[in-house]
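All remarks here apply to the structure that follows.
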Amino acid sequence: MPAAASNMAPEAEAGSPYDYYGCGPRLKRLTTWEPERWKNLRDPRMAGLPAATREAMRLHTWQERDIPSLREAYFAARNLARGNLSWGNFLVLAGPTGTGKTHLAAAIAWEWFEDGCSVVFARMDDLLDGLRAGYENSTYRQRLEITRRCELLVLDDLGTEAAKDWAEEKVDRIIDWRYINRLPLVVTTNVRGDELAPRIASRLADRSCSIVIQIEATDYRTEEPKGRINQGGDKEK
Ligand SMILES: Nc1ncnc2c1ncn2[C@@H]1O[C@H](COP(=O)(O)OP(=O)(O)OP(=O)(O)O)[C@@H](O)[C@H]1O
Ligand SMILES: [Mg+2]
C-alpha cells in the first residue's frame, strides 16, 4: 500500500549530494553536508582524479579481451558507473597486475564525477599519507570525514599499504562507515582476501552488498595487441 503523503519522508534538499540516493533525510542526519566543503570536490584534483585518466581510462576506451572475468568486471563497472546500486554498493576488483582494475575504477569515478557527485579517488597509501599529514595541519578530521562520507569512494590498490596497526585502523574506520551506511565503494587490489585484515575482508566480501570479481587475465600492458577484439571499445556509456 502506498504511504500516505503526510507520512512520506521529505525530499533531500535540492542539489544536496544525497537527493539522488532516495533516502536523503535519513542519510543526511548521518552525514555533515556542507555545500562549501563538497564544492571542493568539483575540482578533479581535489577528488584525486588524475588528469590523464579523464581521456584514457573510460568505459568507451575499454577493449574487450574475450576473457570471462574481465567481461564480468566491465559489466559490473558499467552498472555502477550508471549509478545502478541494486546489485550492491561495493565493487571489489581483485586480480593480477595490468588487468585493468584501475582503468575500470577510474572510469566509474569519472562518470560519477561528471554527473555532479562528490567523488574521492585515492591510492590507498596516498590516502593514508594524506591522513597522516592531516595531523600536522589540523585537517585530519576533515580528510577522514570527506573520505567516509563522499558519494563515491574509490580505494585503488588496497593491500599495498604497510600493514601497520595505525593504517589498518584507518582503513577499517573508512570501510566500516561506508559498509554500515551502504555508501558506494570501489576497491581494487592485488592481494587475496585472506591477506587482508579479517574485519576488512569480511565486509568487502559481504554477499548482500558487495560484488567481488576475481579477475584472471594476463597483463594488458605487455600483451600483443592482436589478442584484443572490438578495438575502440564499447562507445555506450
Ligand atoms: N581491457 C582494457 N582496455 C583498454 N585498456 C586497458 C585494458 N586493460 C588494461 N588497460 C590499460 O592498461 C594499463 C594498465 O591497466 P591498469 O592500470 O588498470 O591495471 P591494474 O589492474 O590496475 O594493474 P595494477 O594491479 O598494477 O595496478 C592502463 O593504461 C589501462 O588503461
Ligand atoms: Mg591499478
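In region 166-173, is there at least one residue being closer than 15 Å to residue 91 by Cα and crowded, with 18+ Cβ neighbours inside 10 Å?
Applying the first criterion (closer than 15 Å to residue 91 by Cα) to region 166-173 yields none.
No, that holds for no residue.
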For the structure I just gave you, tell me whether residue 179 is free of Cβ contacts under 8 Å to residues at least 24 places away in the same chain and of a type outside the set (S, T, N, Q).
no
What pairs can you find where one residue is in region 98-112 and closer than 15 Å to residue 153 by Cβ, the other is near ligand 1 (Cβ under 9 Å from one of its atoms) and of a type in the set (S, T, N, Q), and their Cβ atoms are less than 6 Å apart, with a gap of 6+ or different chains?
102/188; 105/188; 106/53
Read through the list (1) basic (Lys, Arg); (2) at pLDDT below 95; (3) more than 16 Å from ligand 1 (Cβ to nearest atom), then give the number of the only condition that residue 228 fails.
(3)
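I need the full set of residues from region 78-98 which are within 16 Å of ligand 2 (Cβ to nearest atom) and farther than 14 Å from residue 210 by Cβ, in order please. Even if it seems obvious, please write down each step before you answer.
Applying the first criterion (within 16 Å of ligand 2 (Cβ to nearest atom)) to region 78-98 yields 91-98.
Once the filter is applied, which keeps residues that are within 16 Å of ligand 2 (Cβ to nearest atom) and farther than 14 Å from residue 210 by Cβ, region 78-98 yields 95, 96, 97, 98.
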Name, by its number, the condition in (1) surrounded by fewer than 19 Cβ atoms within 10 Å (Cβ to Cβ); (2) part of a helix (DSSP H, G or I); (3) at pLDDT 95 or above that does not hold for residue 216.
(2)
Exactly one condition in (1) in contact with a strand residue (DSSP E or B) (Cβ under 7 Å, 6 or more places away or on another chain); (2) of a type outside the set (D, E, K, R); (3) in a helix (DSSP H, G or I); (4) within 16 Å of ligand 2 (Cβ to nearest atom) is false for residue 146; which is it?
(4)
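Condition test on residue 76, is it in a helix (DSSP H, G or I), touching a residue at least 60 places away in the same chain (Cβ under 8 Å) and within 13 Å of ligand 1 (Cβ to nearest atom)? Working first, answer last.
On the way: in a helix (DSSP H, G or I): yes; touching a residue at least 60 places away in the same chain (Cβ under 8 Å): yes; within 13 Å of ligand 1 (Cβ to nearest atom): no.
Taking the combined requirement at face value, the residue does not satisfy it.
The values are calculated or read from the model by the stated rules, or taken from the named source; none is laboratory data. Keep in mind the model is a prediction, meaning the values are calculated, not measured. Counting neighbours? That spans all protein chains shown, and the Cβs are built from the backbone with ideal geometry, glycine included.
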